[in-house]
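Please treat every number below as a calculation from the coordinates, not as lab data. Note that the coordinates shown come from a computational prediction; the quantities given were computed from them, not determined experimentally. Neighbour counts are summed over all protein chains in view; Cβ atoms, including those assigned to glycine, are modelled from backbone coordinates with ideal geometry.
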Amino acid sequence: MRMDRHIVRRRRETYEPILWIVDSEQWPRACLRAELIERGYDPYGFITIAEALNSLSREVPEKPEALVLELRGQDLTPQVIETIQNLGIRTIVLGGNSELNVPFIRDHHWDVVLKRPFSLGTLADLVQKLVPIKK
């Protein structure tokens, strides 16, 4: 399993919701992680959804409060989508026309669907609305 290099646990001064960011592209994933850390979240980055799901039984013991899933570059099947649904976590799906029009993606209920192109700020704002930080 490969997460963004090393898991570095910061000392939590306040409540920081755990998030998963799944994106096969390094820089968009890293930039979103950095933005969400600045906003008070504890995001974990994964290259594939399989790595994220496998982490539940290994390195990351806490289930996230939300998942940001970039569909591009993922090996998705109806079974993987069912596994995500069974987690019971809020999910933001990111994609273009080709990814969002796959029947088992299109017909599934997602909390938020964001179609490319979008800005990093727009995505981070959506995360904040979906998972507000409790003070």
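Of note:
- Cα radius of gyration and Dmax for the chain (Å): 14.0, 43
- Local charge for Val102 was computed over the other residues whose Cβ lies under 13 Å away, with Lys and Arg +1 and Asp and Glu -1, and equals -1.
- Cβ-Cβ distance of Leu120 and Glu51, R₀ of 22 Å, FRET efficiency by 1/(1 + (r/R0)^6): the value works out to about 0.50.
- When the chain is described by a simple charge dipole with +1 on each Lys and Arg Cβ and -1 on each Asp and Glu Cβ, the residue from Ser57, Pro78, Leu32 located farthest towards its positive end is Leu32.
- Contact order normalised by residue count of the chain, Cα under 8 Å, 6+ apart, percent: 25 percent
- Inter-site label distance for Ile18 and Arg39 at 7 Å from Cα along Cβ, in nm: 2.0 nm
- Residues in the range 78-89 carry Karplus couplings, in order, of x, 5, 5, 4, 5, 4, 4, 4, 5, 5, x, 10 Hz; the curve used is 6.51 cos²θ - 1.76 cosθ + 1.60 with θ = phi - 60°, and Gly or Pro positions show x.
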